[in-house]
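Chemist: Dropping a structure here in structure tokens format, bear with me for questions.
The values are calculated or read from the model by the stated rules, or taken from the named source; none is laboratory data. Here the structure is a predicted model, which means the values were calculated and not measured. Glycine also receives a Cβ, built like all others from the backbone with ideal geometry; neighbour counts cover every protein chain displayed.
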Amino acid sequence: MSDRTTLSHVIKALTVAVRDCLGVEENDRDIEEGYTRPSFFIEVQDIQDSELTDEYTWEDYTIDIYYFAPERETGYIDLLHARENLSKLLRDEIVTDTGTGFSCNDVEHRLEKRDKTLITTFTLTIVQKIADEGVEPLIEELAVSYPRSKNVEKTKDSNLQVDDEDLI
């Protein structure tokens, strides 16, 4: 079992946090299938990742949260309240079930008056240590002794023989 925080851990933590913050359920159906109001859904727009070093990875996500007001015709005030609540939520650290916390950056809100929809976009970055798989030799195994003098003789089976006093 890996201790790494994955995108699914992030989405799960965000889903729980947004549901608790707004007091509405997640919409997991396509818009064409119909959905109930009020509701929200989370969409990942962009994923970038790379190895920072041999020991650390960097992952950057651009995420949208769509919030649908209870009333399509008269829900503008509800959108303003939802924007305020999401702003407060995204200013604080959110913790995944793996114990990794993350903060949201570059938070932007867009109010769609026609559909009474709030679209909140932000980025988040996670830097993690790459799991040690134990395949690299230990430094103790890499220690090499070098002879100080030329008192080395070759035996018939091609092994080198060195006097103990000649080792560093």
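Chemist: Among the residues of region 32-68, which ones are closer than 19 Å to A131 by Cα and without any contact (Cβ under 8 Å) to a residue 40 or more places away in the chain?
Modeler: Scanning region 32-68 gives D49, S50, T53.
Chemist: Only strands (runs of 3 or more DSSP E) wholly contained in region 35-134 count here; list those with 3 or more residues that are surrounded by fewer than 16 Cβ atoms within 10 Å (Cβ to Cβ) and at pLDDT below 95.
Modeler: In region 35-134, the matching strands (runs of 3 or more DSSP E) lie at 39-51, 56-68, 117-129.
Chemist: Let me ask another. For region 19-34, which residues satisfy the criterion of being touching a helix residue (DSSP H, G or I) at 6+ places or on another chain (Cβ under 7 Å) and modelled with pLDDT of 95 or more?
Modeler: C21, L22
Chemist: If you don't mind, there's one more thing I want to ask. Would you be able to say whether some residue in region 69-80 is over 30 Å from K129 (Cα atoms), without any contact (Cβ under 8 Å) to a residue 60 or more places away in the chain and small (G, A, S)?
Modeler: Yes, because at least one residue in region 69-80 is over 30 Å from K129 (Cα atoms), without any contact (Cβ under 8 Å) to a residue 60 or more places away in the chain and small (G, A, S).
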